[in-house]
Amino acid sequence: MAQDKVSQRYARAIFDYLKDESRIRSLITELRGFAFLLEGHNELSLVLTSDVYSEAERRSVVEELVSKAKLSAEALKVLLTLSSAKRLDHLSAISDRLQLILLESANVIALQVETATTLESEEKKKIEDKFQKILGKKVEASYKVDPALIGGIKATAGGRTYDGSLVGWLNSFEENLISG
């Protein structure tokens, strides 16, 4: 809950500061890349989120990483702000929230689709078209393969989950049997 409030506050501030869709999209990509770097290196994450290191040391590390990765001045400013506030551990949540705010501003809904197997582009198009009709808005879909679903799809949009997977059906069937 606290992380949601933090990510919402910072994402909203970034959105209000930049105001340009292409700059925001570019920044989201850069922030996600930096977050992926942090999540993949425990030592680096410790350096940038721990009180053991001074703000100047953390700043130096962020500046060096941004320089080597050739990130934008906007990314540097955001990362230094988060580092100074000891909020770099919220970077993934902030970039995800920033993406949602950007989509909302364009009257688009994020659609997360999970499938048991990889979908062809025609299948993806059908799913997106169907959800655009259901939701009455344009959707921006992201896809994830989860073999545990066995078959079918599970989609989440606007805080609601549409479970058309075989596992979902089996779970529902089991609940109906138990409850009578």
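Table: residues versus (1) small (Gly, Ala, Ser); (2) in contact with a Cys (Cβ under 7 Å, 6 or more places away or on another chain); (3) modelled with pLDDT of 95 or more.
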| residue | (1), (2), (3) |
| --- | --- |
| Thr49 | no, no, no |
| Tyr53 | no, no, no |
| Ala73 | yes, no, yes |
| Ser95 | yes, no, yes |
| Ile101 | no, no, no |
| Glu104 | no, no, no |
| Asn107 | no, no, no |
| Ile127 | no, no, yes |
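Quick one: in region 69-99, which of the residues that are of a type in the set (S, T, N, Q) and in a helix (DSSP H, G or I) is most open to solvent (accessible area, probe 1.4 Å)? Looking at the filtered set, the residue picked out is Thr81. Criterion applied to Ile150, Ile127 was being of a type in the set (A, V, I, L, M, F, W, C), open to solvent by 70 Å² or more (accessible area, probe 1.4 Å) and more than 22 Å from Thr29 (Cα to Cα), and the one residue passing it is Ile150. Against the test of being of a type outside the set (Ser, Thr, Tyr) and assigned to a loop (DSSP other than H, G, I, E, B), the options Val61, Val52, Val113, Val66 yield a single qualifying residue, Val52.
Of the candidates Ser92, Ser45, Ser84, the single residue that is touching a residue at least 60 places away in the same chain (Cβ under 8 Å) and touching an Asp or Glu at 6+ places or on another chain (Cβ under 8 Å) is Ser92. Among the residues of region 113-120, at least one is exposed (fewer than 15 other Cβ atoms within 10 Å of the Cβ) and in contact (Cβ under 8 Å) with a residue 12 or more places away in the chain. Considered as a group, the residues in region 1-17 that are modelled with pLDDT of 95 or more and closer than 17 Å to Arg32 by Cβ include one that is least open to solvent (accessible area, probe 1.4 Å), and that residue is Ala11.
Within region 125-139, is there a residue that is on the phi > 0 side of the Ramachandran plot and not in a helix (DSSP H, G or I)? Yes - at least one qualifying residue is present in region 125-139. Checked across region 160-167, the condition of being in a helix (DSSP H, G or I), at negative phi and either open to solvent by 80 Å² or more (accessible area, probe 1.4 Å) or in contact with a helix residue (DSSP H, G or I) (Cβ under 9 Å, 6 or more places away or on another chain) (or both) holds for at least one residue.
The values are calculated or read from the model by the stated rules, or taken from the named source; none is laboratory data. Here the structure is a predicted model, which means the values were calculated and not measured. Cβ sites come from the backbone with ideal geometry, for glycine too, and all protein chains shown count toward neighbours. Ligands, DNA and RNA are excluded from the accessible area calculation, which covers all protein heavy atoms including side chains. Shrake-Rupley method; radii C 1.70, N 1.55, O 1.52, S 1.80 Å.
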